[in-house]
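Read through the structure below, which is laid out as structure tokens, and then see the notes.
The values are calculated or read from the model by the stated rules, or taken from the named source; none is laboratory data. Quick caveat, the model's predicted, so the values are computed rather than measured. Cβ atoms come from the backbone with ideal geometry, glycine included; neighbour counts cover every protein chain shown. Please note that ligands, DNA and RNA were not included when accessible areas were found on the heavy atoms of the full protein model with its side chains. Shrake-Rupley method; radii C 1.70, N 1.55, O 1.52, S 1.80 Å.
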Amino acid sequence: EIRDTMLCEGQTYALQAVIEPQNISYLWNNGSSETFININQTDYYLITVSNSCGEYMDTAHVVFFDCDLHAPNVFTPNNDGVNDFFELIEYQGIKAFNCYIYNRWGNLIIDYDQPDFQWDGKNVKGNDAEDGVYFYIIRAVTNGGKEINKHGKVHLLRND
């Protein structure tokens, strides 16, 4: 058995067949007879496994995509359960990450080192930041080695 997978462009992935003691041989559609193959491009990969009972075939679709980050431009931390956090909309395949959020005077409000962060509109001391425009700088590296540098503004609105 091999599994469908999505990975970042630039990565190399070891696509591994399930190894069972009764299996006699493995044959991939690229000609390899190993129990795994290293891949780095989107394709369908087929393996044929032989044992004393016959042959078994399985296919995996592996997709390499352009991993990127996407952030919203407004959030409303008013605890209504809707859009209460400034957080990334998309962030798959990230191995290194930093996000810095500044006020309009260039003062650092808070920073994060994980892409699954959720800014609740408070500063590093736990006090509510004022309504207004804030600026973010994001630096990240994907699992495939792509460097991502993003910057932008986000509007913090608490009013209902």
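What Cys residues in the chain are without a partner cysteine, judged by a Cβ distance under 4.7 Å?
53, 99
Per the 1.4 Å probe, what fraction of the accessible area of segment 1-146, in percent, lies on carbon and sulfur atoms?
Roughly 47 percent of what the probe reaches on segment 1-146 is carbon or sulfur.
Could you work out the Rg to Rh ratio of the chain, with Rh taken as the Kirkwood radius (inverse of the mean 1/r over all Cα pairs)?
1.22
Please work out how much accessible surface residue 57 shows to a 1.4 Å probe, ignoring ligands, DNA and RNA, in Å² rounded to 10.
Ignoring ligands and nucleic acids, residue 57 comes out at about 110 Å².
What are the trypsin sites (Lys or Arg not before Pro) within segment 113-160 that DSSP puts in a loop, where the Cβ has at most 12 other Cβ atoms within 10 Å?
Taking segment 113-160 and a limit of 12 other Cβ atoms within 10 Å, the loop trypsin sites (Lys or Arg not before Pro) found are 125.
Starting from segment 43-140, pick out the chymotrypsin sites (Phe, Trp or Tyr not before Pro) whose DSSP state is loop and whose Cβ has at most 14 other Cβ atoms within 10 Å.
Answer by residue number: 85, 105.
To check you understand DSSP bridge types, tell me what percent of the beta bridges within segment 29-160 (both residues inside) are antiparallel, rounded to 5.
95 percent
Heavy atoms of the protein only, probe of 1.4 Å, neighbouring chains included. What is the accessible area of residue 19 in Å², nearest 10?
100 Å²
Of 122/153; 95/150; 95/122, which sit over 18 Å apart, Cα to Cα?
95/122
Most fluctuating residue of 54, 144, 121 in a GNM of the chain with Cα springs under 10 Å: which is it?
Among 54, 144, 121, the largest GNM mean-square fluctuation belongs to 54.
If you take the Cα atoms of segment 72-160, find Rg, then find the Kirkwood Rh from the mean of 1/r over all pairs, what is Rg/Rh?
Over the Cα atoms of segment 72-160, Rg/Rh equals 0.98.
Using the C-alpha gyration tensor of segment 1-80, what are the square roots of 5 times its eigenvalues, in whole angstrom, with the largest one first?
After scaling each eigenvalue by five and taking roots: 39, 15, 9 Å.
Ordering 43, 113 from largest to smallest accessible area (1.4 angstrom probe), what's the sequence?
Output order, biggest surface exposure first: 113, 43.
Where only protein heavy atoms count, and the probe is 1.4 Å, what is the accessible area per residue for the chain in Å²?
61 Å²
If you find the alpha carbon centre of segment 50-106 and of segment 1-32, how far apart are they in angstrom?
Each part reduced to its Cα centre gives a spacing of 25 Å.
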